[in-house]
Amino acid sequence: MKELKVLAVVVFFTLVTYWGVEPYAHSVMHKNVEEAKFENFQYKDLKAPAKGDPAKGKALVAACVSCHGIKSQGMKAPMDPVAAAQAYGVVPPDLSNAGAVLDEKFIANFIVSPTHAGLVKKSAMPGGMADAQGAADIAAYLKSIAPKEIKPKEAFEFACGRCHAVRYDKWTQIGQTPKTKADIKTGVDLAKMDFEKKVGQYQLKLAGYLGKLPPDLSIIVRARSEEYLKKFVENPQHILHGTAMPRVGVSKEGYEKIYKYLEEVGDPSKPKREAVGPWVIGYFVLFSFLAYLWYKSQWKGLK
Amino acid sequence: MAHFDPNARPFSHQWLNDRLAIDTLKRVLSTEYWIPKNINFLWAMGMVLAATFGVLLISGIFLLMYYIPDTKQAFDSVNHTIMGEVGYGWLWRHMHGVAASVVFLIIYIHMFTGIYYGSYKRGRELIWLSGMLLFVSFSAEAFSGYMLPWGQMSYWAGMVITNLFSLGSLDLQGLVEWIRGDYVPGQAFLGRFFMLHVVLMPLIIMALIVLHFGTLRIPHVNNKDGEEIDFEAEAEKWKAGKRKEAKVIPFNPVFLSKDTFVLGIYFIFYFYLVFYHFEFAMDPVNFDPANPLKTPPHIYPEWYFLWSYEILRPFPKNPGLVAFGFAQVIFFLLPFLDRSPNVAPANRRGVFKFWFWFLLVDMIVLTVMGKVPPMGIYTTIGTVAAWTFIILWILLPFITKAEKPVRGHK
Ligand code: HEM
């Protein structure tokens with residue numbers, strides 16, 4: 001059929017143009033991302049620790065709780081986030097979920113040298129808190145107290161939440177934005193203003209510590225490709241050389257949780273798209289079929 | 001004196017006919033609007049465009065209910081309120097974004113169909129010119145719409161494009177600031193582009209669509225062979241029941257049935273993109289909020305502007321602007337630069353055949369080169385393609401002047 005040939009020509013040129021401006025152009029523009037190594041959160045550059053003893057680790061962790069809380073073990077954070085930021089520039093995260101999100105080998109290396117493991121020049125977490133064996137014991141302990149299953153948001157809170165806000169989920173670096181009520185007569189909401197002030201104080205310190213305020217990650221899944229994000233989190237230096245964001249050391253499972261959270265917040269319509277799409281397309285298939293019958297009946301005997 | 005039948009029931013057929021001449025209207029606009037039989041689905045692209053404009057208008061109205069034209073709130077009103085909080089807001093946004101991109105694909109197909117079959121000559125000059133005005137208005141509509149989410153690309157593309165108005169070495173900073181309403185894109189800028197996008201440009205486009213349809217009425221659409229048809233005579237044949245012999249068919253219902261079928265197929269394709277492949281129409285960079293302190297590593301316009309952007313880029317500042325200006329207006333001149341009287345498919349027109357395919361391929365090359373970073377081999381290819389574009393248009397009058405009459409034409 002002649003018309004199908006014409007259609008084939010149109011489709012051909014359309015696809016060539018599409019290929020050129022999308023896959024091809026992006027592969028050229030994002031060469032650095034495409035070429036960046038990805039080792040599936042193996043951290044091959046770090047030394048594998050000796051076998052750790054959780055019981056010994058439990059004793060050693062006493063050195064950590066002057067800064068960190070471990071809520072699941074009944075240890076509250078010694079300072080609130082704003083005070084902690086005054087002291088360190090960033091809040092030391094609660095360690096209850098550390099073993100569930102981070103890679104064990106990474107934790108052991110991190111305790112010995114946060115800058116070496118995190119690939120940054122300076123870190124608010126002091127190095128040399130334990131020797132290699134002690135660090136392995138602490139890592140084993142943190143692993144042993146980690147809950148089996150944690151929610152995607154908990155994984156995010158622990159690994160990223162101290163630096164990154166997610167305003168579409170009302171997450172701030174110092175925690176969830178509380179529900180407050182404005183005074184009816186005046187519209188003044190002091191509790192809200194208090195909270196905002198605290199966030200502001202925290203962010204100023206955080207920006208001082210890192211050189212800039214880390215971006216809000218609300219819709220980062222639409223702004224960066226899946227490949228970019230996983231490679232960036234595995235090793236920020238591979239993508240943004242000299243960046244102040246440390247290698248966080250998440251495990252593969254930990255990363256999947258974090259990504260799931262970011263996707264739920266940043267692309268909330270995904271399940272609905274998948275549910276509605278087939279119906280709309282099915283409708284137009286039926287529409288076209290009926291239109292085809294109409295067309296054939298109208299054009300009968302014309303040629 | 002008009003005659004009004006006092007006994008006609010209000011809103012009955014006769015009552016309406018007396019007042020609105022609905023029978024005549026229907027005849028003139030549809031059942032006796034004659035279309036050549038000898039055309040293919042490419043002649044349905046006009047209707048596809050009209051339908052896509054309808055989709056843009058309706059989805060746009062829904063978006064407008066929640067969009068906030070304020071530099072501090074615009075980004076979140078789109079990306080949070082519409083995409084996450086309003087029921088099916090995401091659907092309207094994806095429909096709007098995808099339609100805005102696809103409409104240009106169809107416009108280009110529609111234009112190249114016109115070029116291929118010579119549908120801009122012999123009485124059809126005004127169809128072409130009104131079409132080009134539509135193209136320019138759609139470009140302005142698309143560009144102004146792109147500013148609204150106030151993302152990184154909105155901001156920086158707005159910066160780069162308004163900078164062009166400094167006109168190179170003339171250095172008219174005053175003009176640039178006058179357009180922006182500020183030294184850099186800001187609230188005044190967003191407010192202006194908002195107005196253009198939701199009021200002025202849609203009004204202009206609607207008026208131009210009416211004009212475009214009007215220019216079609218007397219010359220009628222062209223056909224696959226460029227044959228000059230005596231529409232009155234052929235229409236008589238049709239009315240006499242000679243459906244086979246008549247070279248024409250009425251728009252309604254005969255051609256409309258085919259238009260409808262093509263529309264159905266088109267909407268399958270369109271909604272496939274809306275649900276499963278919308279990323280190409282919504283640039284990732286624009287999901288970072290506008291940040292005046294951080295220039296994105298690559299600034300590029302949407303794909304449909306890339307070819308003219310690439311004509312600007314490889315040259316030094318002033319010649320680049322001249323070349324860019326050339327690219328913007330040259331398509332308007334097509335009916336006058338084509339000096340051949342032949343109205344026939346390009347493939348039967350000797351050298352013009354090569355001109356057509358060269359132009360098409362060259363514009364695709366320019367489009368791709370407009371997106372990749374200007375370095376090394378890409379700069380070379382881009383420069384060659386830009387020169388090719390200019391030279392092709394300079395050659396056109398000479399090629400067509402020398403063209404031999406095609407069989408069947410005087
Ligand atoms: C989005 C806006 C546009 C709409 C809604 C539109 C609509 C239409 C319609 C309904 C037709 C008749 C059916 C057909 O031949 O496809 C038509 C014909 C035509 N249009 Fe457009 N059009 C648009 C833009 C353009 C542009 C940008 C150009 C090129 C500069 C153009 C050039 C033409 C020509 C040359 C014809 C006559 C085709 C022939 O005689 O075979 N149009 N248009």
message: Run lengths n ≥ 4 of DSSP H only: what is the helix-derived mean residue ellipticity at 222 nm for chain B, with -39500 (n - 2.57) per run over all residues, to the nearest 500?
response: -18500 deg cm²/dmol
- prompt: Among the listed pairs A:Lys2/A:Lys270; A:Lys31/B:Lys317; A:Lys270/B:Lys72, which are separated by more than 31 Å between their Cα atoms?
  reply: A:Lys2/A:Lys270
- line: For peptide B:266-275, the mean count of other chain Cβ atoms within 10 Å per residue Cβ is 5
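Explain nothing, just the number: dipole magnitude of chain B about its Cα centre with +1 on each Lys and Arg Cβ and -1 on each Asp and Glu Cβ, in debye rounded to the nearest 20. Spell out each step's value before the answer.
Details: 33 positive and 29 negative charges, 280 e Å.
Dipole size: approximately 1340 debye.
Using the crude model of +1 on Lys and Arg Cβ and -1 on Asp and Glu Cβ, and no other charge, please compute the dipole size for the protein assembly as shown relative to its Cα centre, in debye to 20. Mind dumping the intermediate values first?
Details: 76 positive and 60 negative charges, 218 e Å.
The dipole of the protein assembly as shown has a size of about 1040 debye.
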query: Extent of region B:300-410 along each principal axis, from alpha carbon coordinates, in Å, largest to smallest?
result: 50, 23, 22
query: Around B:Ile249, which amide H atoms from residues at least 5 apart in sequence, or from another chain, sit under 5 Å from its own amide H, with H modelled in the peptide plane?
result: B:Ile35, B:Lys37
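What is the extension gain from A:Ala244 to A:Met193, computed as 0.36 nm multiplied by their sequence separation minus the C-alpha to C-alpha distance, in nm to one decimal? Please list the in-between numbers first.
Details: separation 51, 0.36 × 51 = 18.36 nm, distance 3.00 nm.
Residue separation times 0.36 nm, minus the Cα-Cα distance, leaves 15.4 nm.
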message: Can you list residues from other chains, or at least 5 along the same chain, whose modelled amide H is less than 5 Å from the amide H of A:Met75?
response: A:Ile70
query: Which of the lysines could be linked to A:Lys179 by a straight reach, that is with a Cα gap under 16 Å, when you skip same-chain ones fewer than 8 residues away?
result: A:Lys170, A:Lys192, A:Lys197, A:Lys198
statement: Listed by chain and number, the aspartates and glutamates with an alpha carbon less than 16 angstrom from that of B:Lys121, same-chain partners under 8 positions apart left out, are B:Asp225, B:Glu227, B:Glu228, B:Asp338, B:Glu403
statement: Under the rule rounded for a/c under 1.5, else prolate if a/b exceeds b/c, else oblate, using alpha carbon gyration tensor axes a ≥ b ≥ c, the protein assembly as shown is classed as prolate
message: Compute the angle between helix B:201-217 and the longest alpha-carbon principal axis of chain B, please, reported from 0 to 90 degrees and rounded to the nearest 10.
response: 30
query: Among A:Leu229, A:Leu290, A:Leu213, whose mean-square fluctuation peaks in a Gaussian network model of chain A (Cα, cutoff 10 Å)?
result: A:Leu290
message: Between helix B:351-371 and chain B, what is the angle of the helix's C-alpha long axis to the longest principal axis, kept within 0 to 90° and rounded to the nearest 10?
response: 30
- prompt: Relative to the longest principal axis of chain B, what angle (0 to 90°, nearest 10) does the C-alpha long axis of helix B:317-330 take?
  reply: 20
query: How about region A:1-91: which GluC sites (Glu not before Pro) there lie in a loop by DSSP and see at most 16 other Cβ atoms within 10 Å?
result: A:Glu39
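Taking region A:174-248, which chymotrypsin sites (Phe, Trp or Tyr not before Pro) meet the DSSP loop condition and have no more than 13 other C-beta atoms within 10 Å? Present the calculation step by step, with values, prior to reporting the outcome.
Details: sites: A:Phe195, A:Tyr202, A:Tyr209, A:Tyr228, A:Phe232; in loops: none.
When the chymotrypsin sites (Phe, Trp or Tyr not before Pro) of region A:174-248 are filtered for loop state and at most 13 Cβ neighbours within 10 Å, nothing remains.
Loop-only check: which GluC sites (Glu not before Pro) in region B:102-183 are DSSP coil with at most 10 other Cβ within 10 angstrom? Don't jump to the answer; show the numbers that get you there.
On the way: sites: B:Glu125, B:Glu141, B:Glu177; in loops: none.
Sparse-neighbourhood loop GluC sites (Glu not before Pro): none present.
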field: Most mobile listed residue (B:Leu172, B:Leu148, B:Leu293) in chain B, GNM with C-alpha springs under 10 Å
entry: B:Leu293
query: Modelled label-to-label distance, A:Asp80 and B:Ala188, 7 Å Cα→beta-carbon offset: nm?
result: 4.4
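None of the figures in this text is laboratory data; all of them are computed from the coordinates on show. Since the structure is predicted, the reported quantities are computational estimates derived from the model, not experimental observations. Here Cβ is always computed from backbone atoms with ideal geometry, including for glycine, and neighbour counts include all displayed protein chains.
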